[in-house]
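The values are calculated or read from the model by the stated rules, or taken from the named source; none is laboratory data. Remember, it's a predicted structure, so these values are computed and weren't measured experimentally. Here the Cβ positions follow ideal geometry from the backbone for every residue, glycine too, while neighbour counts run over all protein chains shown. Protein only, heavy atoms only, side chains kept; ligands, DNA and RNA dropped before computing areas. Shrake-Rupley method; radii C 1.70, N 1.55, O 1.52, S 1.80 Å.
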Amino acid sequence: MRAYVIGNVTVDETISISAMPEAGASILGHEETRDLGGKGANQAVVMGRAGLASILVAAVGDDFRSEIIRSQLAEEPVDARLVRFGGKASDFSIIFTTPDGENAIVTTTDSAGSLTLSEAIRPLAESASGDLVVLQGNLSDDVTRGILEEARRRQLVTAFNPSPLRRFFADLWPLIDIAFLNKGEAESLTGTCGQAAASTLISAGVKYAVLTLGGEGAMLASRAGTLEIPAATVTAIDTTGAGDTFMGTALASCALRGVPLDARAIRHASAAAAVTVSRRGTRSAFPTKAELHAILAA
Ligand code: ATP
């Protein structure tokens with residue numbers, strides 16, 4: 001089985017600050033890391049390191065950041081199919097982190113927003129029924145919906161993380177097999193939280209709904225019922241990429257075992273996300289190949 005991740009790739013600049021600024025404030029900060037990031041790249045890297053064949057389709061510009069992106073992706077077990085846009089800036093994120101482990105992220109989408117549907121779905125011509133298509137919220141509305149419809153035509157399994165959040169995503173549930181939402185996304189897109197949010201997603205056509213609840217753990221819901229899995233106890237230093245590590249690991253865990261999403265996959269995902277939150281940075285904070293293989297063997 002293969003995973004086609006169709007999403008974004010960025011250069012992440014992480015700046016540590018003492019507290020989140022009020023609107024209008026000027027504050028001092030300290031550059032912590034410059035790292036490969038972007039939700040699409042993050043999830044592709046985690047799945048690749050876990051041992052799943054991982055294909056990343058993402059857009060870049062023709063600037064210095066595209067060189068950073070290419071060279072960092074070349075170090076990863078990911079088949080990167082980058083679509084280059086001349087005259088555009090590659091996407092980047094500015095990430096503010098505070099000493100209590102909180103973060104605020106601004107991501108540009110000049111490149112990701114330019115990806116057309118035909119470029120996005122071209123690699124799916126090689127896919128086989130049952131392969132995964134993994135999406136996040138950085139592409140345009142039409143391209144996001146078009147990819148999901150193409151995946152349905154090809155009998156692929158769709159996994160979706162509606163982040164960054166847009167109201168439009170609430171129209172997509174019938175096209176989604178596996179949805180991963182954090183607390184805020186669940187509340188905004190279902191108007192409710194916890195078990196009620198999970199039930200809303202399942203009633204709308206999602207086969208497996210996973211709600212991640214930060215340090216409180218995660219919930220897995222399907223027509224068969226709901227399971228709550230606690231987070232691993234760890235000192236959170238920087239939560240950037242925790243959700244992507246969680247999603248990538250959960251998908252890899254079940255795909256590599258050839259089973260539907262189960263409690264074991266969520267336990268693997270919690271263990272992997274705990275590693276990510278205990279380190280600074282994005283790609284450099286993710287569990288290594290060896291760490292992921294040990295987690296998936298448990
Ligand atoms: P982010 O946007 O920071 O990448 P998210 O908002 O998408 O993350 P969260 O629900 O905050 O997602 O976290 C995802 C998973 O990461 C949680 O379900 C949990 O397993 C792990 N995690 C997050 N914060 C902590 C923490 N403080 N301690 C242990 N595990 C954590």
query: Which order do peptides 60-70, 135-145, 31-41, 117-127 fall in by mean Cβ count within 10 Å, highest first?
result: 31-41, 135-145, 60-70, 117-127
task: On a C-alpha basis, how far is the centre of the stretch 93-120 from the centre of the stretch 1-48 in Å? Whole number, if you could?
output: 7 Å
- prompt: Rounded to the nearest 5, what % of the DSSP beta bridges within the chain are antiparallel ones?
  reply: 40 percent
Beta bridge orientation in the stretch 29-151: antiparallel %, DSSP, nearest 5: 45 percent
query: So, with a 1.4 angstrom probe, what is the percent of accessible area on the chain that is carbon and sulfur?
result: 53 percent
Restraint check, LYS39/LYS88; LYS39/LYS289; LYS183/LYS207; LYS88/LYS183, Cα-Cα greater than 25 Å: LYS88/LYS183
- prompt: For the residue pair MET1 and THR235, what label-to-label distance in nm results when each label sits 7 Å from Cα along the Cα-to-beta-carbon direction?
  reply: 3.8 nm
- line: Volume per residue (Å³) of the convex hull spanned by the alpha carbons of the chain is 125 Å³
Structure-based [θ]222 nm, the chain - -39500 (n - 2.57) summed over DSSP H runs of at least 4, per residue, nearest 500: -10000 deg cm²/dmol
task: With 10 Å bins from zero, work out the P(r) of the stretch 156-291 over every alpha carbon pair and list the percent per bin.
output: 13, 45, 34, 8, 0
message: Accessible area per residue for the chain in Å², computed with a 1.4 Å probe and the full protein assembly in place, what is it?
response: 40 Å²
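What do you get when you divide the Cα radius of gyration of the stretch 1-121 by 2.2 N^0.38 Å, with N the number of residues? Mind showing how you got there, number by number?
On the way: Rg = 15.5 Å, N = 121, 2.2 N^0.38 = 13.6 Å.
Dividing the Cα radius of gyration by 2.2 N^0.38 Å gives 1.14.
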- prompt: Assuming R0 = 22 Å, what is the FRET efficiency of ALA25 and ASP63, from their Cβ-Cβ distance, to the nearest 0.05?
  reply: 0.15
task: Evaluate the Debye formula for the stretch 6-69 with equal point scatterers sitting on the alpha carbons, no solvent, and hand back log10 of I(q)/I(0) at q = 0.14, 0.18, 0.24 Å⁻¹, in q order, two decimals.
output: -0.57, -0.78, -0.98
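Given the stretch 131-257, what percent of its DSSP beta bridges are antiparallel, to the nearest 5?
On the way: 9 of 20 bridges.
If I count the DSSP bridges inside the stretch 131-257, around 45 percent turn out antiparallel.
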- request: Just grab the label-to-label distance for GLU126 and GLU216, each label 7 Å out from Cα along the Cβ direction, in nm (one decimal).
  value: 4.3 nm
message: With just the Cα atoms defining each centre, how far is the stretch 133-155 from the stretch 211-234? Give it in Å.
response: 26 Å
